[in-house]
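Engineer: One structure follows; several queries about it will come next.
The values are calculated or read from the model by the stated rules, or taken from the named source; none is laboratory data. The shown structure was predicted, so the numbers you read here are calculated from the model rather than taken from an experiment. Neighbour counts are summed over all protein chains in view; Cβ atoms, including those assigned to glycine, are modelled from backbone coordinates with ideal geometry. Calculation scope for accessible area: heavy atoms of the full protein, side chains included, ligands and nucleic acids excluded. Shrake-Rupley method; radii C 1.70, N 1.55, O 1.52, S 1.80 Å.
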Amino acid sequence: MLIDALPVFLPLAGFLIAFLFCKKIGDHAAQFVTCAFMIAAAAISVWLFMDVAMQGNTRSHMLMPWIISGDFNVGWGLRLDTLSVVMMCVVTIVSTCVHVYSVGYMHEDDAQARFMSYLSLFTFAMMMLVTADNLVQLFFGWEGVGVASYLLIGFWNYKHSANAAAMKAFIVNRVGDLGLALGIFACFVLFGSVSFDVIFAAAPAMVDVTFKFLSMDVPAIMLVCLLLFIGACGKSAQLGLHTWLPDAMEGPTPVSALIHAATMVTAGVFLVCRMSPVFELSPIAGEVVTYVGALTAIFAATIGMTQFDIKRVIAYSTMSQLGYMFFAAGVGAYGAAMFHLVTHAFFKALLFLGAGSVIHAMHHEQDMRKMGGIWKLIPATYALMWIGSLALAGIPFFAGYYSKDMILESAFAAHSPAGTFAFWLGIAAAFMTAFYSWRLIILTFHGKPRADHHTMEHVHESPWIMMVPLYVLGAGALFAGYVFYPFFVGEHYDAFWKSALFVLEPNVLHEAHHVPSWVPLAPLVVALSGIFLGYLCYMWVTDIPGVVARVFRPVHQLFFNKWYVDEMYDAMFVKPSWAAGRTFFQTGDQAIINGFGPDGIASLSRKGAGMLSRMQTGFVYHYAFVMIISVIALMAWLLFKIQGSM
């Protein structure tokens, strides 16, 4: 039991040591402790993967009672099944790479120990989320991830943009978290429990149960799924609750790799897959997940084609790939969704950390228009960025090829309007993904140098402490797809996943292996076409982008300005909220509450004291006059009192 719990609590121990004792032990000791604990957690997680997923030794541990209130009893436990250990490996391996990389990337920062402690805190919260055996414990990890991401995104708190981005991420995620909380409440009302085992066992009997919601009778299972999906949309930056993701690039680059590649943003995908026994019973909820995921994939891809900040391009790529994962889950291909989650973790963390290596070499420059001509100066980073981009584009034999193609084949094999819609939007997004990936490669590394002479003189490869994590992630981007394909979506699917994922027959993944031959060929054709177009526009005929931007200016501006969603939200929610806040503050708080409350009483006291002070003249005859008047008034009052009693 102890070894099962170590991967969860070692990051917590690293956080406590680095955060509480950083001044005593120093930055280097804090870095060593947090990195060592993360390496140990990753090693144990890999061992657990072999034991639980490959050997079938699924188990659960109850650590202690947690919440006991009447009949409501929630324990603190660890659920170790295939889904949990897959996520544990992804989280700890990527987090370990980020920890080690941060030692080099943050070496000039004044708060290195604090940064390392936040990374470990984030990892602990994510591990609590993926090993939870009930919804309340999952919610604890969910909110812990939100708090840690707020601290990491706003780590450089002397920058206004970082503070604003951290607040935005925190607030937008609270919107989604409200849906998740309501979904948990609905689960408890419907099933009488928040334990996964109880919910999954009781779910089939609740298919015909309805709830009264907004004066309508709606299927209870559908309502539960949609509420949980709202929570997933917030964490995984799906369309509507996505605006925080690109702004979160204000945090240090290792934060981008940790949050946006493999951990926080995949929590929503994990939640939907964990709740697959419930989602499978609501076809409508599945269709909603499919449509939202497909729209997110194409929406983010259109924006990614026009951005110039290297980290923002990769961020929108993350949002697009998350859309793929969601529409895979929506059509019932949960294994494909988790497969892409794993492969995406490797190549997207590689791209983010590779971008960090470029930024490090370019003296913290992030605008691709000010780069170019550096591939010979940082050849290792250049090669690794190629590997990540080839995996992202879905080129054969790289990790993304196996998982992305299986998602598209599953969507086609669903033979439903939602699946067909997702398939064609996924094909279009695949073309755009390949195009903006090579746009990034060419603008960043090729062409004439566009940086100033001083910057170009100092361009250099990153130190080994930053490059080693890139090599590890590069190996994952190369081999993870081929190695894990038979287990996640292939012939060993049933033996691998066992009861961790639930799919009603016919299993769409089984159908996906029998689609027409043109279906798996289509993503490759569009990917190669996108790469060719990238070369054509940015290396061979470089005037094309400018001409297209002028001819299709309205469309280009729409994509470049992110479909004006931020401006729309600003007009609909932010400005009215500011106006209402000012009104309540000036009229309600200051004029009414303070005016008639503390300020009003203080004003009356002050005026009364002023009137009384004017009576203190210092002349005896004034005091004698007041005394005589007072005696006369007292005698008059007594006289009237006596007459009244007679």
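Engineer: Under 13 Å from the Cβ of Asp570, count the other residues' Cβ atoms, weight Lys and Arg +1, Asp and Glu -1, and hand me the total.
Structural biologist: Values: positive: Lys168, Lys562, Lys575; negative: Asp247, Asp566, Glu567.
With Lys, Arg at +1 and Asp, Glu at -1, the net is 0.
Engineer: Something else: Determine the gain in length on full extension of the stretch Ile632-Leu2; use 0.36 nm per residue of separation and subtract their C-alpha separation, reporting nm with one decimal.
Structural biologist: Working: separation 630, 0.36 × 630 = 226.80 nm, distance 9.07 nm.
Contour length minus the Cα-Cα distance gives 217.7 nm.
Engineer: Here is a further query. Within 10 Å, count the other beta carbons around each residue, average over each peptide in 142-150, 571-579, and list them highest first.
Structural biologist: On the way: 142-150: 22.1, 571-579: 11.1.
With the highest mean Cβ count within 10 Å placed first, the list reads 142-150, 571-579.
Engineer: To continue, here is another question. In degrees between 0 and 90, to the nearest 10, how far off the longest principal axis of the chain does helix 518-535 point, with axes built from Cα atoms?
Structural biologist: Roughly 80 degrees between the two axes.
Engineer: Translational D (Stokes-Einstein, µm²/s) of the stretch 520-573 at 25 °C and 0.890 mPa s when Rh comes from the Kirkwood sum over C-alpha pairs? Present the calculation step by step, with values, prior to reporting the outcome.
Structural biologist: Details: Rh = 13.5 Å.
The estimated diffusion coefficient comes to 182 µm²/s.
Engineer: Sticking with this structure for a sec: Can you tell me, using C-alpha contacts under 8 Å and at least 6 residues apart, the relative contact order of the stretch 107-168 as a whole percent? Write out the running numbers ahead of the final one.
Structural biologist: Numbers: 54 pairs, mean separation 16.4, N = 62.
27 percent.
Engineer: Same structure again: Just to check, using Stokes-Einstein with a Kirkwood Rh over alpha carbon pairs, what's the diffusion coefficient of the stretch 1-95 at 10 °C and 1.306 mPa s in µm²/s? Spell out each step's value before the answer.
Structural biologist: Numbers: Rh = 14.7 Å.
Answer from the Stokes-Einstein relation: 108 µm²/s.
Engineer: Any chance you could tell me what percent of the C-alpha pair distances in the stretch 589-646 go past 13 Å? Walk me through the intermediate numbers first.
Structural biologist: On the way: 1217 of 1653 pairs.
I get 74 percent for the Cα pairs in the stretch 589-646 exceeding 13 Å.
Engineer: In whole Å, what are the extents of the chain along the principal axes defined by its C-alpha atoms, from largest to smallest?
Structural biologist: 116, 70, 57
Engineer: Peptides 65-71, 276-282: what's the order by average Cβ count within 10 Å, highest mean first? It would help to have the intermediate numbers written out before the result.
Structural biologist: Numbers: 65-71: 9.6, 276-282: 22.6.
The densest-packed peptide leads the list: 276-282, 65-71.
Engineer: Follow-up question, since we're still on this one. Using Cα pairs closer than 8 Å and at least 6 residues apart in sequence, work out the relative contact order for the chain, in percent. List each step's numbers first, then the result.
Structural biologist: Working: 1055 pairs, mean separation 78.3, N = 646.
Relative contact order comes out at 12 percent.
Engineer: Ranked highest first by average number of other Cβ atoms within 10 Å, how do 329-341, 415-427, 350-362, 631-643 line up?
Structural biologist: Going by the mean number of other Cβ atoms within 10 Å, highest first, we get 329-341, 350-362, 415-427, 631-643.
Engineer: Quick one: net charge around Thr266, please, counting Lys, Arg +1 and Asp, Glu -1 for every other residue with C-beta under 14 Å from its C-beta. Display every interim value, and only then the final one.
Structural biologist: Values: positive: Lys235, Arg274, Lys348; negative: none.
Result for the neighbourhood of Thr266: +3.
Engineer: Something else: How much FRET efficiency would the formula 1/(1 + (r/R0)^6) give for Ala609 and Ala580, where r is the Cβ-Cβ distance and R0 is 30 Å, rounded to 0.05? Write down the numbers at each step before the final one.
Structural biologist: On the way: r = 38 Å, r/R0 = 1.25.
Efficiency at R0 = 30 Å is approximately 0.20.
Engineer: State the three equivalent ellipsoid semi-axes of the stretch 225-293, derived from the C-alpha gyration tensor as the square roots of 5 times its eigenvalues, in descending order and whole Å.
Structural biologist: Values: eigenvalues 132, 31, 10 Å².
Output for the stretch 225-293: semi-axes of 26, 12, 7 Å.
Engineer: How big is the stretch 105-237 in terms of Cα radius of gyration and Dmax, in angstroms?
Structural biologist: Expressed in Å, the Cα Rg and Dmax of the stretch 105-237 come to 18.4, 61.
Engineer: OK, next. So what's the convex hull volume per residue for the Cα atoms of the stretch 232-377, in Å³? Let's see the in-between values first.
Structural biologist: Working: hull volume 13.6 nm³, N = 146.
Normalising the Cα hull of the stretch 232-377 by residue number yields 93 Å³.
Engineer: How far, in degrees from 0 to 90, does helix 112-130 lean away from the longest principal axis of the Cα atoms of the chain, to the nearest 10?
Structural biologist: Roughly 80 degrees, rounded to the nearest 10.
Engineer: Using only Cα atoms, what Kirkwood radius does the stretch 115-190 have, in angstroms? Could the numbers behind the result be given before it?
Structural biologist: Numbers: mean 1/r = 0.0756 Å⁻¹.
Final number for the Kirkwood radius of the stretch 115-190 is 13.2 Å.
Engineer: How big is the stretch 163-265 along each principal axis, measuring the range of its Cα positions in Å and listing the largest first?
Structural biologist: Dimensions of the stretch 163-265 along the principal axes of its Cα atoms: 48, 31, 17 Å.
Engineer: Using the alpha-carbon atoms, what tilt in degrees (0 to 90, nearest 10) does helix 283-304 show relative to the longest principal axis of the chain?
Structural biologist: Taking the Cα atoms of the chain, the angle to 283-304 is about 80 degrees.
Engineer: To the nearest Å, what is the center-to-center distance of the stretch 494-568 and the stretch 327-391, using C-alpha atoms only?
Structural biologist: 16 Å
Engineer: Here is a further query. Averaged per residue, what accessible area in Å² does the chain show with a 1.4 Å probe, protein chains only?
Structural biologist: Details: 27340 Å² over 646 residues.
Averaged over the residues of the chain, the accessible area is 42 Å².
Engineer: Where the accessible area of the chain is counted over protein heavy atoms with a 1.4 Å probe, how much of it, in %, is carbon and sulfur? Walk me through the numbers before you get to the answer.
Structural biologist: Working: 19290 of 27340 Å².
Solvent-exposed carbon and sulfur of the chain make up 71 percent of the total.
Engineer: To continue, here is another question. Taking K and R as +1 and D and E as -1, what net charge do the other residues with C-beta under 14 Å from the C-beta of Val130 add up to?
Structural biologist: On the way: positive: Arg79, Lys235, Arg274; negative: Asp4, Asp81, Asp133.
So the surrounding residues net to 0.
Engineer: Also, quick follow-up: I need the Debye-formula profile for the stretch 344-485: one equal scatterer per C-alpha, no solvent, reported as log10 I(q)/I(0) at q = 0.18, 0.20 1/Å, two decimals.
Structural biologist: -0.97, -1.11
Engineer: Using a Debye calculation, one point per C-alpha and no hydration shell, please list log10 I(q)/I(0) for the stretch 261-322 at q = 0.12, 0.20 Å⁻¹ in order.
Structural biologist: -0.37, -0.81
Engineer: Here's another thing I want to ask about it. Any chance you could check the Cα centroid distance between the stretch 450-491 and the stretch 616-646 for me, in angstrom?
Structural biologist: 96 Å
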